[in-house]
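S.K.: I have a structure I would like to understand better, so I am pasting it below and will then ask my questions one at a time.
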Amino acid sequence: QVQLEESRGGLVQAGGSLRLSCAASGRTFSNYDMGWFRQAPGKEREFVAAISWNGGLTWYADSVKGRFTISRDNAENAVYLQMNSLKPEDTAVYYCATRRDDYRETFYYTGDWEYWGQGTQVTVSS
C-alpha cells in the first residue's frame, strides 16, 4: 500500500546538525499528514514532529521545539527533519510515519498513524 524509506542517519557530536529524509511510494490517497517519531533503547517510541498535508501546520514535542524543523515536498512525496543543536538524549532510532489527514484527530501517539518506515539510527556523542 504505502512504503516509507528513511535516509541514512548518522553519528554527530553534541551541538551538531543532521538532516533526515523519508520518501513515500505506493500512496493511494491524496491528502496525508506526515510525522517523525523516535525510540531510544529501553524506552517507548515518542512523538517528535508532524506536518499537515498541505504544509500549513506543524507540531513539535517540547523536547525538540526550537531545535528541529519538519518540512515536506509533496512533489517528491518526501518529508524532512532538520535537527540542529543535537544533544546526546536525541540518540535514537528515528521513524517517519504517514496517515490520511482524517484518520485521527490526534497525532501524539503511535496509533494515530497508519504507515511506518523501518527506522534510521541517529547517534549523538558527548
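S.K.: Tell me which residues, restricted to the stretch 69-79, are surrounded by fewer than 19 Cβ atoms within 10 Å (Cβ to Cβ) and in contact (Cβ under 8 Å) with a residue 12 or more places away in the chain.
M.R.: T69, S71, N74, E76, N77, A78
S.K.: Here is a further query. Is it the case, given these coordinates, that E105 is charged (D, E, K, R), within 23 Å of Q1 (Cα to Cα) and touching a residue at least 40 places away in the same chain (Cβ under 8 Å)?
M.R.: no
S.K.: Just the residues that are open to solvent by 20 Å² or more (accessible area, probe 1.4 Å), touching a strand residue (DSSP E or B) at 6+ places or on another chain (Cβ under 9 Å) and among the charged types (D, E, K, R), please, taken from the stretch 16-46.
M.R.: Passing the criteria: R19, R27, K43, R45, E46.
S.K.: Same structure, new question: Go through the stretch 34-48 and give me each residue that's within 17 Å of R104 (Cβ to Cβ) and outside any strand (DSSP E or B).
M.R.: The one that is within 17 Å of R104 (Cβ to Cβ) and outside any strand (DSSP E or B): R45.
S.K.: Select from the stretch 7-33 the residues that are modelled with pLDDT of 95 or more and outside any loop (DSSP other than H, G, I, E, B) and list them in ascending order.
M.R.: G10, L11, V12, Q13, L18, R19, L20, S21, C22, listed by residue number.
S.K.: I've got another one for you. Being surrounded by fewer than 17 Cβ atoms within 10 Å (Cβ to Cβ) and either within 16 Å of T123 (Cα to Cα) or modelled with pLDDT under 95 (or both) narrows it down to one of G55, G66, so name that one.
M.R.: G55
The values are calculated or read from the model by the stated rules, or taken from the named source; none is laboratory data. These figures come from a predicted structure and were not determined experimentally. Counting neighbours? That spans all protein chains shown, and the Cβs are built from the backbone with ideal geometry, glycine included. When the accessible area is computed, the model is the full protein with side chains, heavy atoms only, and any ligands, DNA or RNA have been set aside. Shrake-Rupley method; radii C 1.70, N 1.55, O 1.52, S 1.80 Å.
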